[in-house]
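S.K.: Before I ask anything, let me first share the structure, which is written out below as structure tokens.
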Amino acid sequence: FSLSCISLSTPISATPEQIATQSQPFILSTPLAGLVYSVYNEENNDTAVWQIDGDGKSKLLLPNHYFGMLSSDKNQFVYYDNFWNSSSPCTWLLDFRLNKTQSLDCSTGEGSLPADILGWPPNKPNTLIAILNQSGGEMGGAWGVLGTISLENGDKEILDSIHSIQSVEISPSGNMIAYGSNDFQTSKSSGWLYSWDSGVISFTPQDYGVNYPQISNPVWSPDGTKIVWGLMDDEFNSAIGVFELDKKTAKVLHPFKQEIMPDLRPSPPSSFLSP
């Protein structure tokens with residue numbers, strides 16, 4: 001399996017020869033068996049993808065890159081350039097069957113970031129779901145729009161050009177995508193669904209009897225029958241909402257009031273589901 005994380009201690013740094021100034025593709029010379037993870041060294045803005053194999057030994061896989069997502073059939077691997085050290089960072093796809101790497105998306109200028117890959121939908125094996133047209137914000141983070149990248153010809157398609165997003169999750173069946181959007185004028189969050197059959201659909205908590213107007217950070221249940229959303233009202237009262245789609249019912253768990261720090265924009269809480 002693969003993880004993407006930030007190191008709390010200073011990792012082993014790649015050599016200066018391994019630090020690229022321009023975006024370059026890499027071919028992994030070892031199978032991705034074991035724990036694959038990325039680390040970030042704040043001292044020199046260095047990132048790297050590492051692997052711990054079955055013998056507990058660590059090995060540097062991709063210097064000056066980070067992240068790591070493996071397709072369900074284990075034949076493809078997505079990774080990102082280190083945009084702190086690259087003038088034109090890209091998102092890359094490595095195909096183990098073809099033994100080649102291709103760029104999926106690259107930055108186009110200052111403030112522009114390459115696509116953030118969300119996954120391979122089970123019902124569309126030659127398509128990647130991604131956050132496209134990403135741009136960095138003054139307070140950190142990046143916002144983009146929901147879209148797809150074709151693995152057959154590299155074409156990109158925007159599925160929802162209106163709503164800026166950060167939090168997205170694909171349903172287990174791949175038939176629907178849930179995502180939270182932020183209105184930059186009002187700083188309020190709203191929930192949305194994308195269906196391959198119906199397009200963009202608003203997800204409104206009030207339809208389930210839940211009186212929290214702001215929602216974000218969706219998580220699907222493993223069977224695809226429920227979505228867990230982070231909830232918040234205009235007074236920053238927050239909770240976790242479990243919404244059962246077919247029955248149009250909901251449970252509100254762990255209500256609490258957020259403590260707001262100065263200059264910090266609050267957002268609905270995040271949650272994770274045990275499989």
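S.K.: Say we look at the range 204-226 and pick out the residues that are under 20 Å from the mean Cα position of the chain (by Cα) and either in a loop (DSSP other than H, G, I, E, B) or aromatic (F, W, Y) (or both); which of these is nearest to W143 (Cα to Cα)?
M.R.: For the range 204-226, the residue satisfying everything is W220.
S.K.: Quick one: count up the residues across the range 236-275 that are open to solvent by 100 Å² or more (accessible area, probe 1.4 Å) and hydroxyl-bearing (S, T, Y).
M.R.: Of the residues in the range 236-275, 1 are open to solvent by 100 Å² or more (accessible area, probe 1.4 Å) and hydroxyl-bearing (S, T, Y).
S.K.: Does the range 175-185 contain at least one residue that is assigned to a strand (DSSP E or B), under 23 Å from W120 (Cβ atoms) and touching an Asp or Glu at 6+ places or on another chain (Cβ under 7 Å)?
M.R.: Among the residues of the range 175-185, at least one is assigned to a strand (DSSP E or B), under 23 Å from W120 (Cβ atoms) and touching an Asp or Glu at 6+ places or on another chain (Cβ under 7 Å), which makes the answer yes.
S.K.: Mind telling me which of the residues L159, L132, L146, L151 ends up being modelled with pLDDT of 95 or more and over 12 Å from the mean Cα position of the chain (by Cα)?
M.R.: It is L159.
S.K.: Across the range 96-114, which residue is nearest to G154 (Cα to Cα) among those that are assigned to a loop (DSSP other than H, G, I, E, B) and among the charged types (D, E, K, R)?
M.R.: R97
S.K.: Can you tell me which condition S202 does not meet? The list is (1) among the hydroxyl-bearing types (S, T, Y); (2) farther than 28 Å from S71 by Cβ; (3) buried (at least 19 other Cβ atoms within 10 Å of the Cβ), and all the others hold.
M.R.: Single failed check for S202: (3).
S.K.: Answer yes or no as to whether E157 is within 24 Å of L104 (Cβ to Cβ), open to solvent by 70 Å² or more (accessible area, probe 1.4 Å) and outside any loop (DSSP other than H, G, I, E, B).
M.R.: For E157, the condition - within 24 Å of L104 (Cβ to Cβ), open to solvent by 70 Å² or more (accessible area, probe 1.4 Å) and outside any loop (DSSP other than H, G, I, E, B) - is met.
S.K.: Suppose we filter the range 188-197 for residues that are surrounded by fewer than 12 Cβ atoms within 10 Å (Cβ to Cβ) and closer than 19 Å to V242 by Cβ; how many remain?
M.R.: 0
S.K.: Separate question: Any chance you could count how many residues in the range 205-214 are open to solvent by less than 20 Å² (accessible area, probe 1.4 Å) and either under 19 Å from D246 (Cα atoms) or in contact with a Cys (Cβ under 8 Å, 6 or more places away or on another chain) (or both)?
M.R.: Residues flagged as open to solvent by less than 20 Å² (accessible area, probe 1.4 Å) and either under 19 Å from D246 (Cα atoms) or in contact with a Cys (Cβ under 8 Å, 6 or more places away or on another chain) (or both) within the range 205-214 amount to 2.
S.K.: While we're looking at this one, here's another question. Specify which of the listed residues (S150, S58, S135, S72) is within 28 Å of S267 (Cβ to Cβ), open to solvent by 20 Å² or more (accessible area, probe 1.4 Å) and free of Cβ contacts under 8 Å to residues at least 60 places away in the same chain.
M.R.: Being within 28 Å of S267 (Cβ to Cβ), open to solvent by 20 Å² or more (accessible area, probe 1.4 Å) and free of Cβ contacts under 8 Å to residues at least 60 places away in the same chain holds for just one of S150, S58, S135, S72, which is S135.
S.K.: Give the residues of the range 162-187 that are exposed (fewer than 12 other Cβ atoms within 10 Å of the Cβ), free of Cβ contacts under 8 Å to residues at least 60 places away in the same chain and either touching a helix residue (DSSP H, G or I) at 6+ places or on another chain (Cβ under 8 Å) or not aliphatic (A, V, I, L, M) (or both), sorted by residue number.
M.R.: The answer is F184, Q185, T186.
S.K.: Just checking, how many residues over the range 75-116 are surrounded by fewer than 19 Cβ atoms within 10 Å (Cβ to Cβ), of a type in the set (A, V, I, L, M, F, W, C) and either within 16 Å of the chain's Cα centre (by Cα) or under 14 Å from A130 (Cβ atoms) (or both)?
M.R.: Going through the range 75-116 one residue at a time, the tally reaches 1.
The values are calculated or read from the model by the stated rules, or taken from the named source; none is laboratory data. Nothing here was measured: the structure is a model prediction, and the numbers come from that model. Note that each Cβ is placed from the backbone with ideal geometry, even for glycine, and that neighbours are counted across all protein chains shown. The protein model used for the area step is the full one, side chains on, heavy atoms only, and it has no ligands, DNA or RNA in it. Shrake-Rupley method; radii C 1.70, N 1.55, O 1.52, S 1.80 Å.
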